Amino acid sequence: SELLLFELQHTYLPAVLRHCPILFGHPNKCNAIVDWTYNLGVGRLQSSTLKRKINAQEWDESGRQLTLWNRGGGKILQGLVKRRAAELQIFSN
């Protein structure tokens, strides 16, 4: 768990704030996007519509974008549906 915390603080959080600086003032939204980025990778955030919607402060659309990332191998996976729903709940609070 210490290694995970280190990775989150030194890799994923800085990357999220670099690509979505507006999240600096929104800790719950930032936490949700750090989780998303940990799961999907910094490259996916960098080139995503999610990033553009966050930076435009289009919060409702940003939340909708979160839920779209629920596929693995071309199929909707229930584990990813649940994970995205949890991230959306954190993002929306």
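What follows draws every value from the coordinates through simple rules; no lab data is involved. What you see is a predicted model, and the numbers here were worked out from it, not measured in a lab. Here the Cβ is made from the backbone with ideal geometry for all residues, glycine too, and neighbour counts use every protein chain on show.
Under 7 Å between Cβ atoms, which residue pairs at least 6 apart in sequence (or on different chains) link something in the stretch 1-29 that is under 14 Å from residue 56 (Cα atoms) with a partner that is β-branched (Val, Ile, Thr) and surrounded by 13 or more Cβ atoms within 10 Å (Cβ to Cβ)?
Final answer for the pair search is 20/33; 20/54; 22/54; 23/16; 23/33; 23/54.
Can you pull out the residues in the stretch 66-80 that are surrounded by fewer than 11 Cβ atoms within 10 Å (Cβ to Cβ) and closer than 20 Å to residue 18 by Cβ?
Matches in the stretch 66-80: none.
Yes/no matrix, rows are residues, columns are (1) among the polar types (S, T, N, Q); (2) assigned to a helix (DSSP H, G or I); (3) surrounded by 12 or more Cβ atoms within 10 Å (Cβ to Cβ):
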position	(1), (2), (3)
3	no, yes, no
6	no, yes, no
11	yes, yes, yes
15	no, yes, yes
35	no, yes, yes
38	no, yes, yes
54	no, yes, yes
64	no, yes, yes
82	no, yes, no
